[in-house]
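Below: the structure, in C-alpha cells.
The values are calculated or read from the model by the stated rules, or taken from the named source; none is laboratory data. Since we're looking at a predicted model, the values are computed, not measured. For neighbour counting, all protein chains shown are included, and Cβ atoms are generated from backbone atoms with ideal geometry for every residue, glycine included. Heavy atoms of the whole protein, side chains included, go into the accessibility calculation; ligands, DNA and RNA do not. Shrake-Rupley method; radii C 1.70, N 1.55, O 1.52, S 1.80 Å.
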Amino acid sequence: MTSPERRSRATEAFFGRRKGKPLREQQLERMSSLLPALRVDLSVPSPERLGSLFPVPVDKLRLEIGFGGGEHLIHRATETSSTGFIGVEPFVNSMAKLLAEVEARGLRNIRLYDDDATALLDWLPDACLDEIDLLYPDPWPKKKHWKRRFVSQANLARFHRVLKPGGLFCFASDIDNYVNWTLVHCRDHGGFEWIARNAADWKTPFAGWPGTRYEAKARREGRGSAYLTFRKV
C-alpha cells in the first residue's frame, strides 16, 4: 500500500465511537480468546479460495458491514449453514454480544473483522463474494458529515470489484435522504442494477428478514424503511 493510500485510510472514519459501557468478565474472555480465532487476518495475503477461511465447506460467501446487534448476521448464519459469512463491526460492545451468540449456537460459518471495513474490502480477492449487506448504516444526517457515509463512489468501486458477476448489494435504511443518496450513487456508478420491479419491492423486507433493533426503533419513532437490492452488472 502506498503512502497516499495509508493517509487516505486514516480519514475513512465511516463509524462513530468504538466502545460503550465496560464489558463483563465473560465478554472480555471471549474478546481475548474467541475473537482472535475468528478474526480475518489481513496481515497475510488473501487466499485464492476465500471459502478456505472457514472450517466447514461453504458454497456461497456473504459480507455484512456494520452488523450492530448481530440479529441479522446470526439469523442468516443459522438458517444457511452452507454459506460463509464475514461480519464487520468496529463497536466493541456489539462484537462482544455477537461472540456470545456464536459460542452459544456453535456456529462455524462466521468469520469476523473488528476494524474499518474498507481495509477488509481492499484485502479481499476479486469476484469472491455472492452478497454484501449494508443494513441501517450510520446516516451521518448533517450535510457536513455526508462524506462519512459508507455509500460512496470509492466504496461502490470496492463492492463492484469483490462481488461475483451477478452478485448482490443489499441496503436497508429508515432515512429517506440516505435511501435517495444510495440510489443516485449506484446509478452514477454504472456497475449496479436496481432490481426493483414495482413500487412495493423497495418497501418489502428482504426474504427471510428477521428484523433488527434499529428497525424496531425506527418503527417506534414513526419511520418506515426501504430495502434496496442491486445486482452487479
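What do you get for trypsin sites (Lys or Arg not before Pro) in region 126-233 restricted to DSSP loop and a cutoff of at most 12 other Cβ within 10 Å of the site's Cβ?
Sites meeting the loop and neighbour criteria: Lys142, Arg197.
Here is the result for region 158-233: no chymotrypsin sites (Phe, Trp or Tyr not before Pro) lie in DSSP coil with at most 14 other C-beta atoms within 10 angstrom of their C-beta.
Which FRET efficiency value, to the nearest 0.05, is calculated for Ser81 and Val44 with the Förster distance at 30 angstrom and r the Cβ-Cβ distance?
E between Ser81 and Val44, to the nearest 0.05, is 0.70.
Heavy-atom accessible surface of Thr80, to the nearest 10 Å², is about 50 Å², with a 1.4 Å probe and all protein chains retained. Ordered from longest to shortest, the equivalent ellipsoid semi-axes for the chain are 25, 21, 20 Å, each the square root of 5 times a Cα gyration tensor eigenvalue.
Restricted to Cα atoms, region 88-157 shows a radius of gyration and a Dmax of 14.5, 43 angstrom. With the simple model of a label 7 Å out from the Cα in the direction of the Cβ, Glu221 to Trp146 spans 2.0 nm. Straight-line reach from Lys21: taking Cα to Cα under 18 Å and skipping same-chain neighbours fewer than 8 places apart, the lysines in range are Lys97. Only Cα pairs under 8 Å and 6+ residues apart enter the sum, and on that basis the relative contact order of the chain stands at 20 percent. Along region 110-121 the Karplus relation, 6.51 cos²θ - 1.76 cosθ + 1.60 evaluated at θ = phi - 60°, assigns HN-Hα couplings of 10, 10, 10, 9, 10, 9, 4, 4, 5, 5, 5, 4 Hz to successive residues, with x for each Gly and Pro.
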